[in-house]
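Trainee: Pasting a structure below so you can have a look.
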Amino acid sequence: MKRDDYISWDEYFMGIAMLSAKRSKDPSTQVGACIVDKENKVVGIGYNGFPIGCSDDNLPWERQADDNNQTKYPYVVHAEANAILNSTKDLHGARIYVDLFPCNECAKLIIQSGIKEVVFLSDKYKDTDSVKASRKMFNLSGVKERQLIVKNKKIILDYNIVL
């Protein structure tokens, strides 16, 4: 008899996004993204961080400063953008799993890349102008969005497994 406590495809791909977020060095917000094609194959993964070649030690991680260039915001590449840039094939019709609802800049990239569905966990910035703009663009372009409600609140990866 097969086991019945396995995770769903949605939980699996969101888990990949969340595990990817663990690569982020951002002290306040870690976001991961996983892009999946129509056959449920992973075709792109990303997390938020500075561009390749820009040292994490030479740019600021602050959220607030008198000078915006002394914050992380002008420099950080979002998880969704990195997943799109890291993709291995055409993204038309794909789904993107992201633990935080995309900002308007990422929404533009998602739409332009051909991704047709956004699956997200948190919508904590839903009242911001950025997220309102994202939702408007998704609606106008036909990109579906849905919040993932997970049945497994915790998945543990144990590296001490005896084979």
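The values are calculated or read from the model by the stated rules, or taken from the named source; none is laboratory data. Predicted model only: the values in this text are computed from it and were never measured. Glycine gets a Cβ as well: all are built from the backbone with ideal geometry, and neighbour counts include every protein chain shown. All accessible areas refer to the heavy atoms of the entire protein, side chains included, with ligands and DNA or RNA removed. Shrake-Rupley method; radii C 1.70, N 1.55, O 1.52, S 1.80 Å.
Trainee: Might you check whether a residue that is more than 20 Å from residue 30 (Cβ to Cβ), in contact (Cβ under 8 Å) with a residue 40 or more places away in the chain and surrounded by 11 or more Cβ atoms within 10 Å (Cβ to Cβ) occurs anywhere in segment 65-82?
Mentor: Within segment 65-82, not a single residue is more than 20 Å from residue 30 (Cβ to Cβ), in contact (Cβ under 8 Å) with a residue 40 or more places away in the chain and surrounded by 11 or more Cβ atoms within 10 Å (Cβ to Cβ).
Trainee: Does any residue of segment 126-139 turn out to be of a type in the set (Phe, Trp, Tyr), part of a loop (DSSP other than H, G, I, E, B) and touching a residue at least 24 places away in the same chain (Cβ under 8 Å)?
Mentor: The answer is no; no qualifying residue exists.
Trainee: Looking only at segment 5-23, count every residue that is over 12 Å from residue 79 (Cβ atoms) and either among the β-branched types (Val, Ile, Thr) or in contact with a Pro (Cβ under 9 Å, 6 or more places away or on another chain) (or both) and tell me the total.
Mentor: 1
Trainee: Related question: Do the conditions hold for residue 87, that is, is it farther than 22 Å from residue 12 by Cα and among the polar types (S, T, N, Q)?
Mentor: Values: farther than 22 Å from residue 12 by Cα: no; among the polar types (S, T, N, Q): yes.
In short, no.
One line per residue, one yes/no per condition, for (1) under 13 Å from the mean Cα position of the chain (by Cα); (2) at pLDDT below 95:
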{"site": "90", "(1), (2)": "no, yes"}
{"site": "98", "(1), (2)": "yes, no"}
{"site": "111", "(1), (2)": "no, no"}
{"site": "130", "(1), (2)": "no, no"}
{"site": "140", "(1), (2)": "no, no"}
{"site": "144", "(1), (2)": "no, no"}
{"site": "157", "(1), (2)": "no, yes"}
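Trainee: Can I ask one more? Out of the residues in segment 146-155 meeting the condition of being of a type in the set (D, E, K, R) and outside any strand (DSSP E or B), tell me which one is modelled with the highest pLDDT.
Mentor: Residue satisfying both the conditions and the ranking: 154.
Trainee: Only residues that are closer than 21 Å to residue 153 by Cβ and either aromatic (Phe, Trp, Tyr) or open to solvent by 50 Å² or more (accessible area, probe 1.4 Å) (or both): list them for segment 10-33, please.
Mentor: 12, 13, 18, 19, 22, 30
This table checks each residue for (1) part of a loop (DSSP other than H, G, I, E, B); (2) modelled with pLDDT of 95 or more.
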| site | (1), (2) |
| --- | --- |
| 2 | yes, no |
| 5 | yes, no |
| 19 | no, yes |
| 34 | no, yes |
| 43 | no, yes |
| 55 | yes, no |
| 66 | yes, yes |
| 83 | no, yes |
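Trainee: Follow-up question, since we're still on this one. Name every residue in segment 37-46 that is over 18 Å from residue 107 (Cβ atoms) and touching a Gly at 6+ places or on another chain (Cβ under 9 Å), in order of residue number.
Mentor: 37, 38, 45
Trainee: Determine, yes or no, whether residue 55 is open to solvent by less than 70 Å² (accessible area, probe 1.4 Å), more than 25 Å from residue 124 (Cβ to Cβ) and in contact (Cβ under 8 Å) with a residue 40 or more places away in the chain.
Mentor: no
Trainee: Another question, then. Just checking, which of 42, 36 is open to solvent by less than 50 Å² (accessible area, probe 1.4 Å) and of a type in the set (Val, Ile, Thr)?
Mentor: 36
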